[in-house]
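S.K.: Below is one structure. I have some questions about it.
The values are calculated or read from the model by the stated rules, or taken from the named source; none is laboratory data. Just so you know, these numbers come straight off a predicted model, no measurement behind them. Neighbour counts are summed over all protein chains in view; Cβ atoms, including those assigned to glycine, are modelled from backbone coordinates with ideal geometry. Just the protein is used for accessible areas: all its heavy atoms, side chains included, with ligands, DNA and RNA removed. Shrake-Rupley method; radii C 1.70, N 1.55, O 1.52, S 1.80 Å.
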Amino acid sequence: MFEVVTVGALTAFLTAVGNGAAGEMGKHILLSTGAQVRRCLGRETPLPDTTEGWEILARQVHRRLSEDPRQNTEFTHLMRSMSDAAPTLRPGPGLPPAPRDFTDRARVVKLLRREATRPAAGRPRAALLYGRPGMGTSAVALHWGSLCIDRFPDGQFYIDLRGAAGELGPDPATVLQLLLQQMDVDPEQMPSTETGREALYRSLTAGRRALIVVDHATTAAQVRALIPSAPEVFLLVVSSGPAFTLEAELIEVPKLEERDAKRMLKKVATRYGVSWPAAEVSGTVARCEGNAFALQAAAMRLLAGDPTLPSSVDGATANDPVRAVTRDAVHRLGPDAARLCRLAALGGWPSVDATLGGRAADVTPQEAGRMLAKAAEVQLMERLGDGRYRFRPEVRRHLEDEAGPEHGIPECSAAVSRVLGELLERALHAACAALPKSWRVVELAPAEGSPYRDEAEGMAALLADLGNLVRAVSVAEEYQQYGTVLRLARALWPLQLKAGRWDELLPALRLAARCADEHQSSSRMAGALHFQLAHCLGELRRGEEAEQQARDAVACERAAGHVRGEASSVELLGLLHLNQWKYPAAYEQFIEAERIYRSITPGQKGVDDLPRALTLAERHQARALRGLGRLEESRSRLESVQDWFAAQGEAYNQARALTDLADTLHEAGDNSAALAKITVAERLLAPEKAAPHLAYLTGLRERCEAAI
């Protein structure tokens, strides 16, 4: 009697595959599992899209495995090879440094220690630190974390949600992605769905002792999935604002008592070897009203030897020390730098560098750089590194409020337009550098500006500006600059194709596709944006919505008479079907894509790319044929594909075709031939440092060897 894989194990495995990595090897695992399911059940079985669907499929497969020892062995080896490639938790970079002048907060620290060290007793360890803007909630979290490093030997992981574009910050799926990135999960192993990311997070932290700090959270929904199930994992959520409902210990960070505020100023004075008159210190403490940020800014003013400014008495600042400090700092900057800060604050940019600041104020980057550095000295901005700065949210709001009355609506609007123009120009240059052979971005290359040197520099520039670019799409739409909306969104293509930043890009792509339908319907531009949106949704495993967007892309490209775009969109539709285990539909779409590609005639756009496009279409057809069980046809086409890439000297693409071929040979029972292909693919991939791909080949090798 052989031991049958259990229903529970099958359900867990199949669900993990369905919610698995969105990278190339994640899709490869998905297709291998789909082929195995088809062989086992003897019929086409579309990919389930619900938990219940996976449970039903697992029971169906289990019944078949109990009757077929060979299939049971195949599934056992498949499941084992996939689990061996799962990510493991490694300590990350830790928390940012704690503030040097941290003072008191003994009660808050005590409450945090009590929650972190109490008996778990079946209750998750979690705390929500909250307080009014400027009270030092982040400082408390970082200070406490620095005191208890030894308690969390498996790592301290920190994510700051403030850098996301938009007022509400990232959604729950993106928060999970950011945390898993800090946990060193390879992009190729990043699950595509929120459910999959949560499952991986819980798997990584099971049995571990780790601290997770989420700074500047704005809603409970963002962090609810992070509530730990492991008893020795502590979640610390920080909110600069009122408390929200969360299954956690609520700990308020109150204003500093007068004695502690004075102690904080004394620490600064002692460190710099100065002495301030008692009356000066008392007046400063009174004006700051226990606000830690206001005290820090006031200390910098005192160090600079600036005269004490009178307390604000108008209604706007009488009870708002942050606004009062902001006005104080603006006064100290002088008119030119103050103008730059007000205009740069417009638009809500996640970061500002000297070039963007210069465009906002219409001054040179050199002048802007000096002004930004001065703004950081007086606490209006924070340095981020790499020449970038950001505003504290409450400071930016005050500056925005003052910009209109101080400079007038026309000048404010012109400042935002100049920043949008700068972001668009450098995004297009960066996109063209990042994908120099892609017609989707190369045809948008701007005539002016400075190109980037190579692919690495272009990609780095796009990643550095990601938050600003996503924000710029919505700002441009708000300012009715619809052409800018569309071209900015097109420039995001390398970020979704090469960097996998689908969650962050999705809102911008949705807005741009809608804008294209409203202002350039049935155009090439609309087709390209529906294509990008379909691709993004497909990577996030939102199959039904992705299919509709792909069909919209086909319709737009066809109406515009853009043959290459139409063929590419049909091909994408086929890939979406392939990844949903709809093999007959996928094969039909790939055949149709080839037909459309072959209709491109000399002189038409895309004729130079035709050999590559046809080779890729042939590879996709072969993968669909494998899913249909037509293994000999699949093998023949894949051999042709790998020969073409070998002739072109494209090692990675040749390795991809060889991997497909090894899968097909294994499924056909020719495991010796499959092992030979695996060996060649591994040799080709070694210089590429393609760890997930190599891990997949290792698992496939084990399955082939076990079958011999």
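S.K.: Return only the number of the condition from (1) over 23 Å from residue 540 (Cα atoms); (2) under 20 Å from the mean Cα position of the chain (by Cα) that residue 519 does not satisfy.
M.R.: (2)
S.K.: Quick check on residue 243: is it surrounded by fewer than 18 Cβ atoms within 10 Å (Cβ to Cβ) and in a helix (DSSP H, G or I)?
M.R.: Answer is no for this residue.
S.K.: List every residue pair whose Cβ atoms lie under 9 Å apart, where the two residues are 6 or more positions apart in sequence or sit on different chains, the first residue falls within the stretch 104-117 and is in contact (Cβ under 8 Å) with a residue 12 or more places away in the chain and among the basic types (Lys, Arg), and the second residue, located anywhere, is assigned to a helix (DSSP H, G or I) and surrounded by 12 or more Cβ atoms within 10 Å (Cβ to Cβ).
M.R.: Correct list of pairs: 105/139; 105/140; 105/143; 105/144; 105/260; 113/144; 113/147.
S.K.: Shifting gears a bit: For the list (1) touching an Asp or Glu at 6+ places or on another chain (Cβ under 8 Å); (2) open to solvent by less than 60 Å² (accessible area, probe 1.4 Å); (3) farther than 30 Å from residue 301 by Cα; (4) modelled with pLDDT under 95, I need the number of the one condition that residue 268 fails.
M.R.: Every listed condition holds for residue 268 apart from (3).
Residues checked against (1) at pLDDT 85 or above; (2) surrounded by 20 or more Cβ atoms within 10 Å (Cβ to Cβ); (3) more than 16 Å from residue 17 (Cβ to Cβ):
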site: 45; (1), (2), (3): yes, no, no
site: 48; (1), (2), (3): yes, no, no
site: 56; (1), (2), (3): yes, no, no
site: 61; (1), (2), (3): yes, yes, no
site: 86; (1), (2), (3): no, no, no
site: 92; (1), (2), (3): no, no, yes
site: 102; (1), (2), (3): no, no, yes
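S.K.: When the residues of the stretch 104-120 are filtered to those that are open to solvent by less than 60 Å² (accessible area, probe 1.4 Å) and part of a loop (DSSP other than H, G, I, E, B), which remaining residue is farthest from residue 143 (Cα to Cα)?
M.R.: Selected residue: 120.
To keep it simple, each residue is scored yes or no on (1) more than 25 Å from residue 176 (Cα to Cα); (2) assigned to a helix (DSSP H, G or I).
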site: 5; (1), (2): yes, no
site: 29; (1), (2): no, yes
site: 33; (1), (2): yes, yes
site: 37; (1), (2): yes, yes
site: 49; (1), (2): no, no
site: 52; (1), (2): no, yes
site: 56; (1), (2): yes, yes
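S.K.: With the requirement that a residue be over 30 Å from residue 88 (Cα atoms) and among the small types (Gly, Ala, Ser), what does the stretch 209-263 give you?
M.R.: 240, 241, 243, 261
S.K.: Now a separate question. Scan the stretch 579-588 for residues that are surrounded by fewer than 24 Cβ atoms within 10 Å (Cβ to Cβ) and either in a helix (DSSP H, G or I) or more than 31 Å from the chain's Cα centre (by Cα) (or both) and jot them down.
M.R.: Correct list: 584, 585, 587, 588.
S.K.: Mind counting the residues in the stretch 507-516 that are touching a residue at least 12 places away in the same chain (Cβ under 8 Å) and open to solvent by 10 Å² or more (accessible area, probe 1.4 Å)?
M.R.: Of the residues in the stretch 507-516, 3 are touching a residue at least 12 places away in the same chain (Cβ under 8 Å) and open to solvent by 10 Å² or more (accessible area, probe 1.4 Å).
S.K.: Can you tell me which residue is surrounded by the most Cβ atoms within 10 Å (Cβ to Cβ) among those in the stretch 482-501 that are touching a Gly at 6+ places or on another chain (Cβ under 9 Å) and at negative phi?
M.R.: 494
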